[in-house]
1. For the range 5-225, what relative contact order do you get, as a whole percent, if you take Cα pairs closer than 8 Å and at least 6 residues apart?
2. Mind sorting out which of (1) 40, 26, 17; (2) 45, 20, 17; (3) 37, 27, 15 is the real semi-axes √(5λ) of the Cα gyration tensor in Å computed from the coordinates?
3. What is the magnitude of the charge dipole of the chain about its Cα centre, with +1 placed on the Cβ of each Lys and Arg, -1 on the Cβ of each Asp and Glu, and no other charges, expressed in debye to the nearest 20?
4. Please find, in a Gaussian network model of the chain (springs between Cα atoms separated by less than 10 Å), the residue of L99, L275, L207 whose mean-square fluctuation is greatest.
5. Which whole-angstrom value gives the distance between the alpha carbon centres of the range 299-317 and the range 106-182?
6. Among Y14, Y82, rank each residue by its count of other Cβ atoms within 10 Å, from fewest to most, as a rough exposure measure.
7. By a straight-distance test (C-alpha under 13 Å), which aspartates and glutamates pair with K41 as possible cross-link partners, with residues fewer than eight away in the same chain excluded?
8. For the range 186-341, what does the relative contact order come out to in percent, with C-alpha contacts under 8 Å and a separation of six or more?
Amino acid sequence: MKTDRIEARFHLDYPEFSLDVDLDLPGRGVTALFGHSGSGKTTLLRLIAGLVQVREGSLRVHGEVWQEGQHILPTHKRPLGYVFQESSLFPHLTARGNLAYGMKRVGNAMNRQALDQAVELLGIGHLLDRRPHQLSGGERQRVAIARALAVQPRLLLMDEPLAALDLKRKQEILPYLERLHDQLEIPVLYVSHSPDEVARLADTVVLMEQGRARAIGPAAEVFSRLDLAIALDQDASAIIEGAILSHDDAYALTRLEIPGGHLTVARLDHDIHDLVRVRIHARDVSLALDEPGASSILNILPARILEMREIEQAQVLVKLCTGAGGKTPLLARITRHSRDRLQLQEGQSVFAQVKAVALMD
C-alpha cells in the first residue's frame, strides 16, 4: 500500500462526454490538472472531492480508502479543503467569522494553530474584521483559501481559484500561492487552463484531453514535449528554474543562474538566492550555427537539437537541450525556410538566442 501517494481511478459516462483516468500522483507538492475547457479537469476534481460519485472508481489518499467501488466516503468525512473559482464567503460574516465557520468541521484542539498559520501565510491578519463586500476579489479569495486550510486538510483542492480575477488581482494573489507551495506539507491538486499559473506553481502536471490523462510528469518535461497538443499553441514554451544571482537596478534587469549557464531577465521582485521559474516562449527563441558577436540579444545559450516537428506549412518547432548535462529544455519556433537554409538536424550543436523580454516569473 502506498502511503505517500494519491491513487485515483474513475470511469464516468455522460451522453456527450466520458472520463476515464487511472492516476498515481505525488503525495506532496502541487499537481496541476491542466487542459482546455471541457477536458475533464473540474469533473475529476469533483470526483476526488466526492461531489460527483460513480460506482466504477477507487480513491486512496495517503493510504486511506476514500472510495472502493460502491463504498464511498461522504464528502463531509473526507479530510480535504476545497477552493472554488468564486470565494463563496458568507456576506453577513466578517472574514474572521467565515474562518470560524470553516473550523466547525473539525475539533478545536489543534486547529487554532492551523488557522494562525493560514492567516500568516496568506497575509490576511489586517482583513479579519472586514466583511466580503469590503474586500477586493484577491483578498476574498485569500480568505477562502485560509478557510480551506483551517480544517487541517490532508488534501487541498483548488478549482481555477484565479479564473474570476482580473490580471492585477491575479498578480496580487500568485505570490501567496507560491508561499503555500513552498511552506505547506499537504498535497495540492490545482485545476487550471492557464499555462502561466501552471508554470509558476506546479511540480507535476496532468495534461487532460477529452476526459483522459494524456500526459503526466514534471512541469518542465510535459511543457517541452513535441508530441502533445500544447506544443501547437502559439504560447508553446519551456519552463526553466533558476536562482537569482544579482539585480541591476540601473537597467531594471535580474541575472539568474540556471543549470550550466545564466539568464538575464526583466527585473524580478525576489531576493538574492531565491529560486524562481521562468517561462520562455518558443516564438521568442531564434537559432544560430555560430556564436553571435555584438548583439542586442542578452541571452545566448549553447544548445543541442533533440527533436524537430513541422507544426504548420511554414513552421517548425525545435526542441533543444542546454546547460550542464543537457538537462535544461528549450523550445524554438522557426520557419521551415530557416531550418532548410541552416541545414538543421537532430543532434546538431547550435546557439539559442533568447530575448530578455521573453522571460517572466
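Please treat every number below as a calculation from the coordinates, not as lab data. Here the structure is a predicted model, which means the values were calculated and not measured. All Cβ positions, even for glycine, are placed from backbone atoms using ideal geometry, and neighbour counts span all protein chains on display.
1. On the way: 414 pairs, mean separation 67.3, N = 221.
Contact order relative to length: 30 percent.
2. Here the calculated entry is (1).
3. Values: 42 positive and 46 negative charges, 178 e Å.
That gives a dipole near 860 debye.
4. L275
5. Cα centroid to Cα centroid, the span is 41 Å.
6. Working: Y14 9, Y82 23.
Least crowded to most crowded, the residues run Y14, Y82.
7. Straight-distance partners of K41: D20, D159, E160, E209.
8. Working: 284 pairs, mean separation 29.7, N = 156.
RCO, the range 186-341: 19 percent.
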